[in-house]
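So the structure is just underneath, and the comments pick up after that.
The values are calculated or read from the model by the stated rules, or taken from the named source; none is laboratory data. Just so you know, these numbers come straight off a predicted model, no measurement behind them. Counting neighbours? That spans all protein chains shown, and the Cβs are built from the backbone with ideal geometry, glycine included. For accessibility, only protein heavy atoms count, side chains too; no ligands or nucleic acids. Shrake-Rupley method; radii C 1.70, N 1.55, O 1.52, S 1.80 Å.
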Amino acid sequence: MIIRGRTLHPGTATGEPIRLTAPLSFWGGTDEHGRIVDAHHPQCGAVLTGRILLMESGRGSSSASSVLAEQIRARTAPAAIILTRPDPIIPLGALVAAELYNLNLPVVLAPYDAIPDDALLQVSATPTEATITWTTFTQ
């Protein structure tokens with residue numbers, strides 16, 4: 001199956017999905033290891049590092065972009081982020097990491113309801129198009 005989306009920041013990534021049930025702010029919501037530490041978040045304790053993060057949108061603070069950029073540098077960020085609503089803060093963090101550290105984290109705007117939780121996702125985001133494909137583990 002292929003889902004097409006809109007590129008908010010280009011890049012390619014492969015990883016297992018992690019679907020958040022609530023928006024997340026990287027500032028104060030995650031630690032330096034990529035773990036959700038926001039005690040009020042439903043998935044508190046989950047590790048995002050190397051996973052394909054599926055969430056509706058981010059949850060503010062403009063400082064979240066610098067936290068995400070630093071996690072990208074430290075390689076504790078998600079491998080890619082797929083959003084269903086536009087969010088300017090998350091792509092900004094990816095852009096800063098690309099400019100400062102030459103590291104690209106794809107950020108894509110796409111519907112992800114059809115993506116199974118037990119899959120290996122591949123995200124390819126060029127400046128003109130984004131595609132998400134997967135292989136399920138239960139085949």
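Before moving on, here are some points about what is shown:
- Output for the stretch 96-117, where each listed residue is over 20 Å from ARG4 (Cα atoms) and either assigned to a loop (DSSP other than H, G, I, E, B) or open to solvent by 10 Å² or more (accessible area, probe 1.4 Å) (or both): VAL96, ALA98, GLU99, LEU100, TYR101, ASN102, LEU103
- Segments classed as strands (runs of 3 or more DSSP E), wholly inside the stretch 1-95, with at least 2 members that are under 18 Å from ALA125 (Cα atoms) and either at pLDDT 95 or above or open to solvent by 10 Å² or more (accessible area, probe 1.4 Å) (or both): 2-9, 11-15, 52-55, 80-83
- Checked against (1) open to solvent by less than 20 Å² (accessible area, probe 1.4 Å); (2) within 19 Å of PHE26 (Cβ to Cβ), LEU121 passes all but condition (2).
- Conditions (1) out of contact with any helix residue (DSSP H, G or I) (no Cβ under 6 Å at 6 or more places or on another chain); (2) more than 15 Å from LEU53 (Cβ to Cβ); (3) modelled with pLDDT of 95 or more; number of the one not met by PRO106: (2)
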